[in-house]
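Below you'll find the structure, written out as structure tokens, and then a few comments.
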Amino acid sequence: MSAPPAAPSSVSVRLAELGEFARDSHAIARVEIRKLLRDPTELFSRAVQPVLWLVVFGQVFSRARVIPTGNVDYLAFMTPGILGQSVLFSAIFYGIAVIWERDLGVIHKLLVSPALRGALVFGKALSAAVRGLIQAVVVYVIAAALHIGMHWELTNILAVMLAVMLGSATFATFSLIIACLVKTRERFMGIGQVLTMPLFFASNAIYPIELMPDWLKVIARLNPLTYLVDVLRGLMIVGGESVHSAALDFGVMSLVFVLLLFLAARLYPTLLT
């Protein structure tokens, strides 16, 4: 008699689960990116914002010289902050598309599929990361046109792209959590508008944290945008200095993303309730 087949090891089971998670996430991200390619007008409208901030706001404040920025001029100092702002503003309204999908019945079909709930959320975060890369390209082009001193080394650019992708995925996942909680487009738009400006101004995007009052410094240090801008400032700008090490900045952003991803995966099915 032949021996019964051996039970699969826990390692092989885990590998199979990871492979399934990767396939499901890739499928969701591919669908979202196709939507973007079919209607790129949103990207164009988002590209206008960094142009206005750098060309208008940055030029004016560079002449005013009212904000101490160390060894770099103000326009260079704020360039990573405007990239962080573009990432935030693009990703924070990502959840409204999920509410549209719920209203159209798409979420119902996804939730009855065998796809893992975490993969559904992670796939959307991946597509948001791709959108963030486009924002980074726009800011780099503007910076080159304005003759801002930038690090053009390949390692720096790749690290910037990684940071932008991580930041975009983090804020998009946060946006998805808000969508799961409020469940209507009207409420989401109101909350999204309320959150974006405090997150932006309670960070180091356009002025150093040292200028803030003590209570605002505490909020800024809890703000993930602060860590995104901090690592971008050290990687992008000639003479730019990060307050924290790149390892700490990436570590904080990664931890926040994982926590938000776990929470979003738990809340995602509640969109139908």
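Values quoted throughout were computed directly from the atomic coordinates according to the rules given, and no laboratory measurement underlies them. Remember, predicted model here, so these are calculated numbers, not experimental data. Because the Cβ atoms are built from the backbone with ideal geometry, glycine has one as well, and the counts that use them run over all protein chains shown.
Brief remarks on what is shown
- The distance separating the Cα centre of segment 150-172 from that of segment 210-254 comes to 14 Å.
- Charge sum, other residues only, whose C-beta stays under 13 Å from residue 184's C-beta, Lys/Arg counted +1 and Asp/Glu -1: +2
- Test item: Cα-centred dipole of segment 92-228, Lys/Arg +1 and Asp/Glu -1 on Cβ, debye: 480
- Helical contribution to [θ] at 222 nm, DSSP H n ≥ 4, -39,500 (n - 2.57), averaged over the chain, rounded to 500: -25000 deg cm²/dmol
- Share of Cα-Cα pairs in the chain lying beyond 31 Å, as whole percent: 31
- The mean sequence separation of alpha-carbon pairs under 8 Å and at least six residues apart, normalised by the residue count of segment 22-158, gives a relative contact order of 42 percent.
- Within the shell defined by Cβ-Cβ distances under 15 Å, the residues around residue 118 carry a net charge of +2, with Lys and Arg each +1 and Asp and Glu each -1.
- Over all orientations, segment 36-168 has a Cα convex hull whose mean projected area works out to 10.0 square nanometres.
- Positive-pole candidate from 201, 110, 44, dipole of the chain, charges at beta carbon: 110
- Relative contact order (percent, whole number), the chain, Cα cutoff 8 Å, 6+ residue spacing: 27
- Label point at residue 49 placed 7 Å out along Cα→Cβ; residues across segment 144-159 whose backbone nitrogen lies under 14 Å: none
- Loop-located trypsin sites (Lys or Arg not before Pro) in segment 47-127 whose Cβ has at most 11 other Cβ within 10 Å (DSSP): 65
- Crossing angle, helix 185-201 versus the chain [Cα axis fit, 0-90 degrees, rounded to tens]: 40
- Chymotrypsin sites (Phe, Trp or Tyr not before Pro) restricted to DSSP loop in segment 128-202 with at most 11 other C-beta within 10 Å: 152
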